[in-house]
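Taking it in order: structure first as structure tokens, then the write-up.
The values are calculated or read from the model by the stated rules, or taken from the named source; none is laboratory data. On a predicted model such as this, the values are computed, not experimentally measured, just so you know. Note that we place each Cβ from the backbone using ideal geometry, even for glycine, and neighbour counts take in every protein chain shown. For the accessible areas, the whole protein counts, side chains as well, though only heavy atoms, and no ligand, DNA or RNA atoms are used. Shrake-Rupley method; radii C 1.70, N 1.55, O 1.52, S 1.80 Å.
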Number of protein chains: 2
Amino acid sequence: VSAPLRIALLGAGSVGRAVAERLLTDGEWLADRADGRRLELSAVATRTPARLAGLKVPQGVAIESDPVALVANRPFDVVVELLGGLEPAGEVLRTALDAGTAVVTANKMLLAESGEALEAQARRSRAALRFEAAVAGGTPLLSVIAEDLVAVRIERIRGVINGTTNWILDSMETSGLDLAEAVAAARAAGYAEADPSLDIEGIDAAHKLVILGRLAFGLWIPVAAVRRVATEPPGAGGPGIAGVTRADIEAARAQGQHVRLVAEVRRRGADIEAEVVPRQLLPDDPLAAARGVTNIVAIEGQPVGSVTISGPGAGGPATAAAVIADLVRIARGAGSTWAGLPARDLQPAAAR
Amino acid sequence: VSAPLRIALLGAGSVGRAVAERLLTDGEWLADRADGRRLELSAVATRTPARLAGLKVPQGVAIESDPVALVANRPFDVVVELLGGLEPAGEVLRTALDAGTAVVTANKMLLAESGEALEAQARRSRAALRFEAAVAGGTPLLSVIAEDLVAVRIERIRGVINGTTNWILDSMETSGLDLAEAVAAARAAGYAEADPSLDIEGIDAAHKLVILGRLAFGLWIPVAAVRRVATEPPGAGGPGIAGVTRADIEAARAQGQHVRLVAEVRRRGADIEAEVVPRQLLPDDPLAAARGVTNIVAIEGQPVGSVTISGPGAGGPATAAAVIADLVRIARGAGSTWAGLPARDLQPAAAR
């Protein structure tokens with residue numbers, strides 16, 4: 001029998017708690033899929049241990065408040081980083097990767113801001129850095145690009161990859177609300193944060209798009225180079241969906257069309273262009289089918305034409321399934337999410 | 001620099017020729033994605049070398065007529081089997097796997113009929129057996145189930161996975177043809193074989209469904225246990241789409257619905273049920289969107305709900321990209337398509 005995979009779980013929000021629950025209740029089933037290797041929850045870092053209430057956490061599992069100290073002071077095989085935000089997550093990842101410890105993270109902001117440095121560090125220390133859950137939650141996407149579509153020359157990726165803004169646009173369309181009302185409704189329904197600006201202004205989608213750009217085109221596009229301000233309706237003048245009006249939605253609906261916040265990264269000659277702007281979509285556009293918090297991504301390239309994937313873009317247990325798939329892959333010896341995809345020296349188009 | 005991956009290519013039909021072309025013209029780009037390992041076309045078995053016309057096949061590449069002798073007499077790292085049919089493909093696979101040689105195949109008929117024995121043999125000799133191209137052509141599907149969705153308990157897979165019948169149903173709907181006329185049109189357009197019965201009667205889709213069943217539920221369902229005869233309209237009484245009438249299509253259209261040949265494998269208690277029958281689908285059913293030869297598959301399970309994937313179900317170059325992705329995976333040390341998924345002892349429901 002192989003040694004168990006010792007896991008440090010950092011963060012016990014909705015995804016972290018769901019990861020802990022799967023590891024604690026589903027051990028045998030998961031080991032069966034990891035060549036018999038047990039995925040062992042060794043420690044949890046959280047400032048609010050109450051979030052683990054109801055889970056039968058064995059006595060041997062350390063519960064600590066400081067993720068940086070936990071990772072610095074004890075050996076683990078994998079660090080699962082679900083803290084979110086730039087720090088202390090960044091310090092934790094640098095510490096772990098530097099020590100050659102594998103990392104699984106869902107932290108799109110950190111990857112978008114520091115992906116290039118983190119990739120370099122993971123390559124130096126030969127530690128696996130996996131991040132399937134960072135884009136499109138429980139929907140398979142990143143490894144599909146890196147492994148299944150490895151023989152495809154990708155030309156463009158377009159997606160609806162922010163569930164909050166899609167829920168808002170959807171309810172503007174179906175309930176005739178204006179933006180402020182729909183944002184309030186999203187907040188009341190638990191689909192938007194108290195400060196929803198990362199979603200509304202397209203920043204969250206831009207972070208995810210930077211990760212998609214790395215896998216599709218081999219370079220980490222600077223977040224600032226992702227265009228987020230629409231120059232024409234729908235949404236003219238505002239970042240993300242901030243400028244979308246009820247009139248924009250109604251104008252689209254009068255033509256049988258739908259407004260969606262479309263994240264798009266594409267090759268144009270030697271440049272890579274990236275943008276997150278509201279678009280009015282024809283009803284037969286695959287992205288137009290995105291309802292509620294569903295994510296839909298269309299990957300276009302030669303010689304496959306277009307491959308479209310849709311599924312849950314959020315939700316603790318669904319996103320936890322992506323985290324656990326990364327853990328199983330690491331238990332079975334896999335490397336980083338970019339797999340064999342080389343890093344390139346292409347220049348992204350300047351921010352406009 | 002690692003040693004090249006020596007490849008024997010068996011079959012030079014549309015997919016085989018496209019594989020040869022990629023290997024011969026795209027060597028550096030592919031090696032870049034295979035940790036620097038070259039995918040080297042070492043030999044081709046074909047009875048009609050004219051099919052390689054126009055490709056610059058280097059002198060060192062053996063071109064032989066007998067695939068069995070080729071694989072028995074020379075060492076390769078991977079055998080790519082694109083012969084189709086049960087024999088001699090079966091003998092070739094048994095010979096290769098027995099010798100511990102990796103196999104990449106698109107042969108859904110052989111896998112459906114002999115998958116259990118081939119899997120046992122591959123496990124014994126620790127040879128990789130990969131078959132991504134066997135279902136849904138260039139659309140990523142099998143590794144998505146085996147790896148990306150490894151932490152998902154799959155309950156049901158439903159798909160439109162036979163492009164020929166979908167093209168036929170689509171043109172019955174859009175052009176008002178009856179079945180015989182639409183079959184003739186599909187033949188004229190190159191979307192149906194001279195003898196289209198494998199497609200029409202749902203046998204090809206049943207083969208693919210057996211492969212999906214293995215990945216979703218851990219067992220090789222006997223092909224005969226896949227129900228193919230509809231008991232009610234559309235298609236009542238005939239196998240596959242053989243019983244679908246213009247009246248069935250028109251009745252569906254009058255309700256704004258679409259007839260599709262739906263392949264479905266699902267868990268019901270301790271049983272696994274599988275069927276390939278025409279269904280009248282609501283317009284918002286994700287499978288209803290299948291047009292022409294596009295494949296669409298919806299994977300349902302906990303805790304993700306539903307993940308839907310669509311893309312090209314056929315076409316030489318697109319399907320070749322799936323074959324080459326398997327080759328890259330093997331070059332990078334991957335095992336079989338089922339990855340860590342265990343084989344189970346569940347009993348399929350008897351054929352009805």
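Okay, residues lined up against (1) charged (D, E, K, R); (2) under 28 Å from A:R22 (Cβ atoms); (3) surrounded by fewer than 20 Cβ atoms within 10 Å (Cβ to Cβ):
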position: A:T294; (1), (2), (3): no, yes, no
position: A:G315; (1), (2), (3): no, yes, yes
position: A:L327; (1), (2), (3): no, yes, no
position: A:A331; (1), (2), (3): no, yes, no
position: A:T337; (1), (2), (3): no, yes, no
position: A:A343; (1), (2), (3): no, no, yes
**Study point:** Whichever residue in segment A:272-292 is under 20 Å from the mean Cα position of the chain (by Cα), modelled with pLDDT of 95 or more and crowded, with 21+ Cβ neighbours inside 10 Å and, among such residues, is nearest to A:D248 (Cα to Cα)
**Key:** A:P278
Study note, to complete from the structure: Quick count over segment A:166-217, residues being among the β-branched types (V, I, T) and surrounded by fewer than 22 Cβ atoms within 10 Å (Cβ to Cβ), is 2
Study note, to complete from the structure: Scanning segment A:197-206 residue by residue, the ones that are farther than 13 Å from A:V262 by Cα and touching a helix residue (DSSP H, G or I) at 6+ places or on another chain (Cβ under 6 Å) total 1
Check your understanding: Does segment A:120-136 include one or more residues that are at pLDDT 95 or above, within 24 Å of A:A224 (Cα to Cα), open to solvent by 10 Å² or more (accessible area, probe 1.4 Å) and away from chain B (no Cβ under 14 Å)?
Key -> yes
Check your understanding: Which condition breaks for B:W338 when tested against (1) farther than 20 Å from B:V210 by Cβ; (2) within 14 Å of chain A (Cβ to nearest Cβ); (3) not in a strand (DSSP E or B)?
Key -> (1)
Study note, to complete from the structure: Within segment B:5-28, residues being without any contact (Cβ under 8 Å) to a residue 60 or more places away in the chain, under 15 Å from B:V79 (Cα atoms) and not aliphatic (A, V, I, L, M) number 0
Check your understanding: Out of (1) more than 13 Å from chain A (Cβ to nearest Cβ); (2) closer than 28 Å to A:A339 by Cα, the odd one out for B:V144 is which?
Key -> (1)
Check your understanding: Under the condition of being touching a Pro at 6+ places or on another chain (Cβ under 8 Å) and not basic (K, R), which residue from segment A:25-40 is farthest from the other protein chains (Cβ to nearest Cβ)?
Key -> A:E40
Practice item. Could you tell me whether segment A:96-108 includes any residue that is assigned to a helix (DSSP H, G or I), in contact (Cβ under 8 Å) with a residue 24 or more places away in the chain and open to solvent by less than 10 Å² (accessible area, probe 1.4 Å)? Key: yes
**Study point:** Single residue of segment A:276-331 satisfying the filter (at the interface with chain B (Cβ under 7 Å from one of its Cβ atoms) and among the aliphatic types (A, V, I, L, M)) that is farthest from B:D284 (Cα to Cα)
**Key:** A:V328
Exercise for review: Identify the single condition in (1) within 15 Å of the chain's Cα centre (by Cα); (2) not in a loop (DSSP other than H, G, I, E, B) that A:G138 does not satisfy, given that it satisfies every other one.
Suggested key: (2)
Review point. Among the residues of segment A:150-165, is any out of contact with any Asp or Glu (no Cβ under 8 Å at 6 or more places or on another chain), surrounded by 22 or more Cβ atoms within 10 Å (Cβ to Cβ) and away from chain B (no Cβ under 14 Å)?
Key: yes
